[in-house]
Amino acid sequence: MTRILVVDNHGQFTHLEHRLLRDMDGVDADLVANTTPPEEIDADGLVLSGGPDMDDVGRCPDYLDLDVPVFGICLGMQFIAAELGGRVESGEYGGYADVDVRILDDEDPLVGSLAPETRVWASHADEVVELPDGFTRTAESDICGVEAMSDTDRDLYGVQWHPEVAHTEEGQAVFENFLRICE
């Protein structure tokens, strides 16, 4: 069994991330508070959920040093970028919408197996505008230059969109790819 913890950053879709993972074969998934001490984290991988506020991510900085793959979704990705020296700013387009995303790296372990262009459900209230050192931009759209990013050396990944919702094409494939990274 692959043990995945979903770190709750108070996002409206966090329960869907947990549910999707919990329902996958060979996965033991739990939802944990973002205030859980790092020494209590016992997992093969972490999902940093989305959420409303970068100032309310609890112990998430500590989780980036646990030597397990980390997958940030929306705010989770923005947090990883900001924490590691990238830059996050308010997006020009704001709220939730369908977005056509172009995959830029078909070798990327998280998004490389997706169709070259795929439709996703995303919020662009905030977005990564400058990548941290070591990261590669792996997807873009007409409204956001960094729709996905990866640092394969440190096994840190992120997507701006929500792969856990039904509006996102190939969302489950993103989670399956993350599980392969964790194995």
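The values are calculated or read from the model by the stated rules, or taken from the named source; none is laboratory data. These numbers were taken from a predicted model, which means no experiment stands behind them. Please note: Cβ atoms are built from the backbone with ideal geometry, for glycine as well, and neighbour counts cover all protein chains shown.
Check residue 181 against each of (1) over 25 Å from residue 12 (Cα atoms); (2) in contact (Cβ under 8 Å) with a residue 60 or more places away in the chain; (3) in a loop (DSSP other than H, G, I, E, B) and name the one condition it does not meet.
(3)
Output the number of the condition that residue 57 fails; it satisfies all remaining conditions of (1) aliphatic (A, V, I, L, M); (2) surrounded by 16 or more Cβ atoms within 10 Å (Cβ to Cβ); (3) more than 21 Å from residue 127 (Cα to Cα).
It fails just one condition, (3).
Considering 86, 58, 51, 26, which residue is under 16 Å from the mean Cα position of the chain (by Cα) and within 29 Å of residue 1 (Cα to Cα)?
One residue alone meets the criteria, 51.
Give the stretch 77-126 a look and list any residue that's closer than 14 Å to residue 137 by Cβ and in a loop (DSSP other than H, G, I, E, B), or say none.
Across the stretch 77-126, the qualifying residues are 86, 104, 105, 106, 107, 108, 110, 111, 112.
If you go through the stretch 72-84 one residue at a time, do you hit one that is surrounded by fewer than 13 Cβ atoms within 10 Å (Cβ to Cβ), of a type in the set (Asp, Glu), out of contact with any Asp or Glu (no Cβ under 6 Å at 6 or more places or on another chain) and touching a residue at least 12 places away in the same chain (Cβ under 8 Å)?
Looking for residues that are surrounded by fewer than 13 Cβ atoms within 10 Å (Cβ to Cβ), of a type in the set (Asp, Glu), out of contact with any Asp or Glu (no Cβ under 6 Å at 6 or more places or on another chain) and touching a residue at least 12 places away in the same chain (Cβ under 8 Å), one finds none in the stretch 72-84, hence no.
Residue check: is residue 43 out of contact with any helix residue (DSSP H, G or I) (no Cβ under 6 Å at 6 or more places or on another chain), over 14 Å from residue 147 (Cα atoms), at pLDDT 95 or above and surrounded by 15 or more Cβ atoms within 10 Å (Cβ to Cβ)?
yes
Would you mention how many residues in the stretch 114-134 are surrounded by fewer than 17 Cβ atoms within 10 Å (Cβ to Cβ) and more than 20 Å from residue 153 (Cβ to Cβ)?
6
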